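What follows is one structure encoded as structure tokens, with my remarks underneath.
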Amino acid sequence: MLKKLFCLTLISVFFLPSLALAKTKQSITLLLYNGKVFSADEKGTIYEAVAVDGEKIVAVGNSKDLRAKYKAKQAIDLKGKFVTPGFNDAHIHFGSVGTALLRVDLNGSKTLAEAKRRIAEKIKELPKGAWVLGRGWDHTLWNNKLPTRADLDDIAPDNPVFLQRVDGHISWSNSLAFKLANITKDTKAPEGGEIVYDKNGEPEGVLKETAQGLVGRVVPKTTQAEFAKGLELALEEAKKFGLTSVQSGGDFGAIPLYQKLLEQDKLTVRAAIWQNFETPVETLKKQRSDFQALKLNPSHLKLGILKGYMDGTLGSRTAAMLEPFSDDPKNKGIPRRPAEEMIKMIVERDAAGFQMGLHAIGDRANRIALDGFEMAKNKRPKEKTETVKLGGNVAQTTSTLYVYDKRHRIEHAQVVAPSDFNRFAELGVIASMQPTHAITDKRWAPARLGEYRSLGAYAWNTFMSNKVHIAFGTDAPVEPLNTYLTLYAAVSRQDISGNPTNGWLPQEKLSMEDAIRNYTYESAFAEFSEKEKGTIEVGKYADLVVHSKDLLTIPHKEVLNTRPTHTIFNGKIIYEMK
Ligand SMILES: [Zn+2]
């Protein structure tokens, strides 16, 4: 009897497929089909379709199967369009992206005159006495001549000015700002900083590294209202570039604002907010437990790395080098603090269970960070043996109660000594890198580094062949938040005008597949989230980007003109190209 029934069922399915399937079609919220869906999984699998229900991906496969299986509230015929996971910026200052959108933007000012024009425009909008704030100037575009306060005094006699260089490591102010900050001939620079003087020994207007704080401390703090407005602008910007996750520095104080956006269902990126490495360990622990007490959904808002600084930047010649700069033979840069002190802090924070991300540009800075991580690793207890009573019998078990998978990171990892690449892999240290830095810095990096050291600079391919995890980001607002510019830089190593022809140090170019994976899966790995996002696989959050062009087949130049036609976050379409 049973057998008969079974046969009957088989026959009916066989002869009445449409009826049978219509009955069994599963309801889902979103189906994308007829596309080229690059999963960014380990093998780089490409599918035609992806099915989403609620927040998550429920199926991937070919269009015919998925359309037969699912009944979607919204189904989109992609007509061959290219789809990737949403991008994850592993190193961004998201709040500053927002506030920068409210201030003077000097990015790309090709001459001092152009910068002055933009500043003067802003001053027209401001009342007398109000601070003029902004960033983005770059003296390497101005014949390498640092600007002075005299350059600002004629256009800003009544408004104090504080403008940071594109890298945030040098500031430029006018005489009024120096007066308010009480900076005179006799002012001494704090440790790790420098005041630039003119030939008469007067402060000339420029402050480097920690000396920026001399003026910085008298600048009025960004108000909560300004910051909130900025964050909303930054979220709009992120949508337009398919950015669905941010790992953000400088936003610890803004957690209540992020929390509010999350509660209002307006936080359209998953955010990992960094703590400050410099904060005393006990305070860091307190911050961590206070945050946990908020009981927020960590897939949307969580704490990320402790961000610390080993050195400055190459552009400002404040990166800590093993040997002097090739174009400044007496200068080896400025380490933030003595190596022993730094290493001690690293070990202490590792033992307290924190993941660290240390800004290191120069080869010396990178080496000290690696030394610190190595020391921390060696000091961890190897394993813990426990004696457990099991039903009267005494058994010994060995368990690992400590998280060894710390995934410490070096932020930027720009110039690395040849013998140190391998150490990243051995210590499991992630290189958190920003491809756009390479195409900006190539104008002067070879002069700073010389030919030999340049070989270890922005060396993505060398890292990858050494089996080092690389996470990609932008460091915005230092570089634009533009995700396509990042991909373009990674695959071409050319500036936006296409120079040099074959790319700077072309052996370090990446394939588009690797560039996308570093910007999605590897960035997720760098924040311990690779199991829930970063690829297009069943069970992961549906953070997806449909692109206007097929990134895998177009010429490099065309990558710059690609944009999302749809950005999907947490299963919802949050942006559609008009
Ligand atoms: Zn940064």
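Since every read-out is calculated from the coordinates, none of them should be taken as a lab result. Bear in mind that the values here come from a model prediction, so they are computed numbers and not experimental data. Reconstructed Cβ throughout: ideal geometry from the backbone, glycine too, with neighbour counts over all protein chains shown.
Of Val206, Val545, the sequence from fewest to most neighbouring Cβ atoms within 10 angstrom is Val206, Val545.
Note down the magnitude of the dipole of the chain about its Cα centre, charges +1 on Lys and Arg C-beta and -1 on Asp and Glu C-beta and zero elsewhere, to the nearest 20 debye. Intermediate values should be presented prior to the final figure.
Details: 80 positive and 69 negative charges, 344 e Å.
Around 1640 debye, computed over the chain.
When each of the peptides 371-378, 105-112 is scored by how many other beta carbons lie within 10 Å of its residues on average, the order from highest to lowest is 371-378, 105-112.
Using a Förster distance of 22 Å, how high is the FRET efficiency between Asn62 and Lys572, based on the Cβ-Cβ distance and rounded to 0.05?
On the way: r = 25 Å, r/R0 = 1.12.
Given R0 = 22 Å and the Cβ-Cβ separation, E is 0.35.
Here the residues Asp154, Asp420, ranked from fewest to most Cβ neighbours within 10 Å of their Cβ, fall in the order Asp154, Asp420. Spin-label model, Lys344/Asn200: points 7 Å from Cα along the beta carbon direction are separated by 4.5 nm.
Sorting 409-415, 305-311, 145-151 by average packing, meaning the other beta carbons within 10 Å per residue, from highest down gives 409-415, 305-311, 145-151. One way to sum up the overall shape of region 104-216 is the equivalent ellipsoid from its Cα gyration tensor, whose semi-axes run 20, 17, 12 Å, largest first. Note on Asp550 and Asn499: their simple-model spin labels are 3.4 nm apart, each label 7 Å out from Cα toward Cβ. Region 240-292 and region 430-499 have Cα centres separated by 26 Å.
The Kirkwood radius of region 396-528, taken over pairs of alpha-carbon atoms, gives through the Stokes-Einstein law at 20 °C and 1.002 mPa s a diffusion coefficient of 139 µm² s⁻¹. Relative protection proxy for 252-265, 443-456, 509-522, 85-98, from highest mean packing down: 85-98, 509-522, 443-456, 252-265 (other beta-carbon atoms within 10 angstrom). Looking at region 100-208, which GluC sites (Glu not before Pro) are DSSP coil and have at most 12 other C-beta atoms within 10 Å of their C-beta? Here the GluC sites (Glu not before Pro) that fit, given the DSSP loop and packing criteria, are Glu191. Look at where the Cα atoms of region 330-347 and of region 59-130 average out, and the two centres are 36 Å apart.
Taking N as the number of residues in the chain, what value does Rg over Cα atoms divided by 2.2 N^0.38 Å take? It would help to have the intermediate numbers written out before the result.
Numbers: Rg = 26.5 Å, N = 578, 2.2 N^0.38 = 24.7 Å.
Ratio of Cα Rg to 2.2 N^0.38 Å: 1.07.
For Thr111 and Ala447, what does the FRET efficiency come to when R0 = 30 Å and r is the distance between their Cβ atoms, rounded to the nearest 0.05? Write down the numbers at each step before the final one.
Working: r = 21 Å, r/R0 = 0.69.
The computed FRET efficiency comes out at 0.90.
Region 525-578 and region 138-172 have their alpha-carbon centroids 38 Å apart.
Share of Cα-Cα pairs in region 186-274 beyond 19 Å, in percent? Don't jump to the answer; show the numbers that get you there.
Details: 2162 of 3916 pairs.
Pairs farther apart than 19 Å: 55 percent.
Quick check: the angle from helix 363-379's long axis to the longest principal axis of the chain, C-alpha only, nearest 10 degrees? Relative to the chain, helix 363-379 is tipped by roughly 60 degrees.
Placing unit charges on each Cβ (+1 for Lys and Arg, -1 for Asp and Glu) gives region 415-566 a dipole about its Cα centre, and among Ala526, Asn561, Gly498 the Cα reaching farthest toward its positive end belongs to Gly498. Based only on Cα atoms, what Rg/Rh ratio does region 410-465 have, Rh being taken as Kirkwood's radius? With Rh from the inverse mean 1/r over Cα pairs, Rg/Rh is 0.96.
Which of Val50, Val538, Val246 has the fewest other C-beta atoms within 10 Å, and how do the rest follow up to the most? List each step's numbers first, then the result.
On the way: Val50 26, Val538 12, Val246 31.
With the fewest neighbours first, Val50, Val538, Val246 line up as Val538, Val50, Val246.
If eta is 1.306 mPa s and T is 10 °C, what Stokes-Einstein diffusion coefficient results for region 225-365, Kirkwood Rh from Cα pairs, in µm²/s? Let's see the in-between values first.
Numbers: Rh = 17.1 Å.
D, rounded to a whole number, is 93 µm²/s.
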